[in-house]
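Participant: Handing you a structure now.
The values are calculated or read from the model by the stated rules, or taken from the named source; none is laboratory data. Predicted, not measured: the structure shown is a model, and the values here were computed from it. Cβ: placed from backbone, ideal geometry, glycine included. Neighbour counts: every protein chain shown. With ligands, DNA and RNA removed, areas are computed over all heavy atoms of the protein, side chains included. Shrake-Rupley method; radii C 1.70, N 1.55, O 1.52, S 1.80 Å.
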Amino acid sequence: MTVGTLGLSQIQQLENEHQPPLYAKREIALVRGEGAYLFDSDGRRYLDAMSNYGVAILGHADPEFATALSEQLRTLATGHQSFYSDVRADLLSEIAEIAPAGLTRHFLSNSGAEAIEAAIKFARVATGRPNLVAAKRGYHGRTLGALAATADQKYRAPFEPLVPATTHVSFSDVDSLATAVNDQTAAILLEPIQGEGGIWPASPDYLQSARDIAAAKGALLIADEIQTGFRTGAPWVIDTSGVVPDILVTAKALANGFPIGLTMFTEAISTAIPAGAHGTTFGASPLACRAAIVTLRALRERDLYARSAALGAELMDRLSGIGSPKVRQVRGRGMMIGVELKERVTPTLRALQERGVLVLPAGPTTFRLLPPLIWEQQQVDELIAVVESTLSA
Ligand SMILES: Cc1ncc(COP(=O)(O)O)c(C=O)c1O
């Protein structure tokens with residue numbers, strides 16, 4: 001079978017027949033991307049306001065990215081970390097440029113959940129304590145350790161019991177956090193903006209309190225910037241609160257969609273991790289590292305942080321100004337925006353898709369925009385026009 005020859009019904013039949021029914025499918029098959037747009041198997045074009053759950057930060061089929069990766073494929077694609085690698089060394093020096101002060105050690109893996117697993121393991125070994133405190137509505141991934149920190153019963157219940165033991169406190173409630181953290185707590189794990197849960201930004205005061213509570217009780221503070229990373233006008237959103245966590249985790253956009261995870265932590269934590277205690281076969285391969293290098297340089301050299309922050313602010317303003325009776329609230333920062341409706345969101349997702357715009361849900365009543373940072377004024381205008389007409393229909 002040649003790639004690209006299957007029609008929609010054949011694609012659907014094969015996927016439905018061979019995959020477990022884990023995902024609520026969106027009815028279309030995406031077969032091609034170009035910059036800010038995606039194309040389905042019938043050749044229909046969509047404005048991509050989701051960048052594949054926040055990963056394709058440079059948009060699709062970026063020529064510089066494609067050339068660099070194909071060159072790396074022809075040079076050396078895979079390489080275990082028991083050997084040194086020129087490309088890995090290059091990436092580590094790029095990461096050092098953007099790492100928060102004091103987070104000098106960097107563990108590379110293959111996904112968000114894996115980066116969280118590393119954070120949990122490192123926090124346990126560094127503190128000698130077993131448990132976590134995380135937030136209600138929080139999302140940290142689906143592997144067993146990360147799942148213990150994820151709050152939603154839909155994901156947790158079928159797989160319980162989960163370790164480590166995790167207490168989930170109300171997000172932004174300082175007193176509950178202070179009560180929950182005790183001498184068995186290895187770490188407080190928080191998203192500075194809750195993504196999957198509905199785009200809920202934490203206030204700088206709350207993050208500072210989390211920092212203080214962790215320090216006072218001998219626990220660590222882990223910031224999960226897997227979704228927020230790179231898309232709020234700076235590499236890390238927590239920087240704007242002036243808070244430095246002990247561990248910062250990112251993934252999604254770091255390599256523009258190439259699978260990668262990054263766990264950054266302090267020298268003190270690094271010293272506590274026994275040699276050989278953790279690792280990964282695929283992590284930090286030359287191919288993944290090259291993908292991340294090209295992405296980080298493009299973000300800087302094309303001025304995408306500042307530009308996307310400005311466009312994101314405009315998007316927030318114009319979405320807030322739509323004045324539809326269906327909209328409860330618009331929340332977010334940079335290119336991470338949630339529009340909470342007063343009704344369930346699925347019909348709106350469908351209607352937007354029918355009108356050629358792809359967005360994501362975030363909780364039952366919110367739709368979420370995670371556009372590629374390469375958007376220009378034209379895409380902002382296009383999105384606003386379609387959202388406006390959809391919400392007034
Ligand atoms: C904040 C956050 N943490 C962790 C994850 C898990 O990442 P992955 O799906 O790459 O395992 C996600 C994914 O959506 C996320 O948004």
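Participant: With an 8 Å cut-off on Cα pairs and a minimum separation of 6 or more residues, tell me the relative contact order of the chain in percent. Can you show the working numbers first?
Facilitator: On the way: 793 pairs, mean separation 83.2, N = 393.
After rounding, I find 21 percent.
Participant: Can you tell me which lysines have their Cα less than 24 Å from the Cα of LYS154? Leave out same-chain residues fewer than eight positions away.
Facilitator: Correct list for LYS154: LYS25, LYS136, LYS252, LYS342.
Participant: Ordered by packing density, taken as the mean number of other Cβ atoms within 10 Å over each peptide's residues, highest first, how do 375-384, 124-133, 218-227 rank?
Facilitator: 218-227, 124-133, 375-384
Participant: Further question: For the stretch 253-302, take the alpha-carbon Rg, divide it by the Kirkwood Rh, and send me Rg/Rh.
Facilitator: With Rh from the inverse mean 1/r over Cα pairs, Rg/Rh is 1.07.
Participant: Taking 45 Å as R0, compute the FRET efficiency from the Cβ-Cβ separation of VAL3 and ALA178 and round it to 0.05. Working shown, then result.
Facilitator: Numbers: r = 55 Å, r/R0 = 1.23.
E(calc), rounded to 0.05, equals 0.25.
Participant: As a test of reading the structure, rank TYR23, TYR139 by solvent-accessible area (1.4 Å probe, protein chains only), most first.
Facilitator: Values: TYR23 165, TYR139 50 Å².
Output order, biggest surface exposure first: TYR23, TYR139.
Participant: If you don't mind, there's one more thing I want to ask. Calculate, axis by axis, the spread of Cα positions in the chain along the three principal axes, and write the results as whole Å, longest axis first.
Facilitator: The principal-axis extents, from largest down, are 55, 53, 44 Å.
Participant: Can you tell me how much longer the chain between ASP317 and LYS25 gets when fully stretched, taken as 0.36 nm per residue apart minus their C-alpha distance, in nm with one decimal?
Facilitator: 102.0 nm
Participant: Can I ask one more? Can you send over the carbon and sulfur percentage of the accessible area for the stretch 37-141, probe radius 1.4 Å, protein chains only?
Facilitator: So the carbon and sulfur contribution to the accessible surface is 55 percent.
Participant: Can you tell me the accessible area per residue over the chain, all protein chains present, probe 1.4 angstrom, in square angstrom?
Facilitator: On the way: 17400 Å² over 393 residues.
Normalised by residue count, the accessible surface of the chain is 44 Å².
Participant: To continue, here is another question. Rounded to the nearest Å, what's the spacing between the alpha carbon centres of the stretch 268-345 and the stretch 165-228? Just the number, please.
Facilitator: 19
Participant: Counting Lys +1, Arg +1, Asp -1, Glu -1, what net charge surrounds GLY356 among other residues with beta carbon under 13 Å of its beta carbon?
Facilitator: Here the count lands on -1.
Participant: Here's another thing I want to ask about it. Nearest 5 percent is fine: what portion of the DSSP beta bridges confined to the chain is antiparallel?
Facilitator: Antiparallel: roughly 65 percent of the beta bridges in the chain.
Participant: Oh, and also: Give me the percent of the accessible area of the stretch 192-347 that comes from carbon and sulfur atoms, probe 1.4 Å, all protein chains in place. Don't jump to the answer; show the numbers that get you there.
Facilitator: Working: 3010 of 5530 Å².
Answer for the stretch 192-347 is 54 percent, counting heavy atoms of protein chains only.
Participant: Once you put a point 7 Å from the Cα of TYR155 and another 7 Å from the Cα of ARG350, both along the Cβ direction, what distance in nm separates them?
Facilitator: About 2.6 nm separates the two model spin labels.
Participant: Jot down the radius of gyration and Dmax of the stretch 114-216, Cα atoms only, both in angstrom.
Facilitator: Spelled out, the Cα radius of gyration and Dmax of the stretch 114-216 are 12.7, 36 Å.
Participant: Sticking with this structure for a sec: Give the long-range amide H neighbours of ALA234: residues separated by 5 or more places, or on another chain, with amide H under 5 Å away, using H modelled in the peptide plane at 1.01 Å from N.
Facilitator: Excluding prolines and chain starts, which carry no amide H, there are no hits.
Participant: Let me ask something else about it. List the relative contact order of the stretch 228-345 as a percent without decimals, with contacts defined as Cα pairs under 8 Å and 6+ residues apart. Kindly include the intermediate steps, with their values, before the conclusion.
Facilitator: Values: 134 pairs, mean separation 31.5, N = 118.
Here the relative contact order equals 27 percent.
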